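Notes for the one structure printed next.
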Amino acid sequence: MSGTPLAVLMRCMNFAAVKHKNQRRKDAEATPYINHPIGVANILTEEAGVDDVIVIQAALLHDTVEDTNTTIDEIVEHFGHNVAGIVAEMTDDKNLAKAERKRQQILHAPHASPKAKLVKLADKLYNLRDLQRCTPCGWSEDRVQEYFVWAHQVVAGLRGSNRQLENKLDDLFRSRGIEVA
Ligand SMILES: Nc1nc2c(ncn2[C@@H]2O[C@H](COP(=O)(O)OP(=O)(O)O)[C@@H](OP(=O)(O)OP(=O)(O)O)[C@H]2O)c(=O)[nH]1
Ligand SMILES: [Mn+2]
């Protein structure tokens, strides 16, 4: 928590890298998983004009609790309540069946905090671009298209948060034949 903003960000990046060290993305190249949280943080600074360090910290840490053994208490201890709150908002309940988890994301999106909405938009933008880049191992074309349709429904609940990200997401949805309002 203490330290210059730069030191705090490097501590987050290091924490996420250690936590995700054995994970790979689902693409054929098995890209290191850490590329994703770093890429989400980079979208926020480079493409969304975000300069709130709390949001960038949360972006770097956003999948640690959902996808590794990290607990929210650990995030609180190392990075404080503000960051931990956003990470909690980014964490799906893995006890729920997948279809229900996906439904919950659509339902919860409109009620997310403004900072969590920014991270959620950047997360979806990264994942949709990743799907355009290459199909994850074992995914059919239909599954890819279903992810776009579902992401469009989640993004509907996040609108009004960041014009640049929403415009780029809308371009992607249109490229997939999904009508945007
Ligand atoms: N597009 C893409 N996604 C990959 C890849 N490797 C891992 N993922 C992750 O897979 C998740 C989407 O896959 P699903 O089958 O829908 O979800 P699941 O992993 O939770 O079962 C995303 O998780 P998430 O970050 O929690 O996001 P979200 O599901 O909440 O959008 C995404 O980060 C990849 O190579 N390409
Ligand atoms: Mn993610």
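The values are calculated or read from the model by the stated rules, or taken from the named source; none is laboratory data. Source: prediction; values computed, not measured. A quick note on method: Cβ atoms are made from the backbone with ideal geometry, for glycine too, and the neighbour counts reach across all protein chains shown. Just the protein is used for accessible areas: all its heavy atoms, side chains included, with ligands, DNA and RNA removed. Shrake-Rupley method; radii C 1.70, N 1.55, O 1.52, S 1.80 Å.
Brief remarks follow.
- Checked against (1) under 28 Å from residue 132 (Cβ atoms); (2) of a type outside the set (Ser, Thr, Tyr); (3) more than 11 Å from ligand 1 (Cβ to nearest atom); (4) part of a helix (DSSP H, G or I), residue 82 meets all criteria but (1).
- All positions within region 1-46 that are among the polar types (S, T, N, Q) and within 23 Å of residue 117 (Cα to Cα): 35, 42, 45
- One residue stands out among those in region 1-47 that are of a type in the set (S, T, N, Q) and in a helix (DSSP H, G or I): the one that is nearest to ligand 1 (Cβ to nearest atom), which is 35.
- Scanning region 1-37 for residues that are surrounded by 16 or more Cβ atoms within 10 Å (Cβ to Cβ), under 18 Å from the mean Cα position of the chain (by Cα) and among the aliphatic types (A, V, I, L, M) yields 9, 13, 16, 34.
- Just one of the listed residues (76, 87) is β-branched (Val, Ile, Thr), open to solvent by less than 50 Å² (accessible area, probe 1.4 Å) and within 19 Å of residue 39 (Cβ to Cβ), namely 87.
- Residue list for region 121-147, filter: part of a helix (DSSP H, G or I), within 16 Å of ligand 2 (Cβ to nearest atom) and surrounded by 14 or more Cβ atoms within 10 Å (Cβ to Cβ): 121, 122, 123, 124, 125, 126, 127, 128, 129, 130, 131, 147
- Lone qualifier among 112, 151 - being closer than 23 Å to residue 82 by Cα and either loosely packed, with under 13 Cβ neighbours inside 10 Å or among the aliphatic types (A, V, I, L, M) (or both): 112
- Given (1) away from ligand 1 (no atom under 11 Å from the Cβ); (2) over 30 Å from residue 71 (Cα atoms); (3) part of a helix (DSSP H, G or I); (4) open to solvent by 40 Å² or more (accessible area, probe 1.4 Å), index of the condition residue 179 fails: (3)
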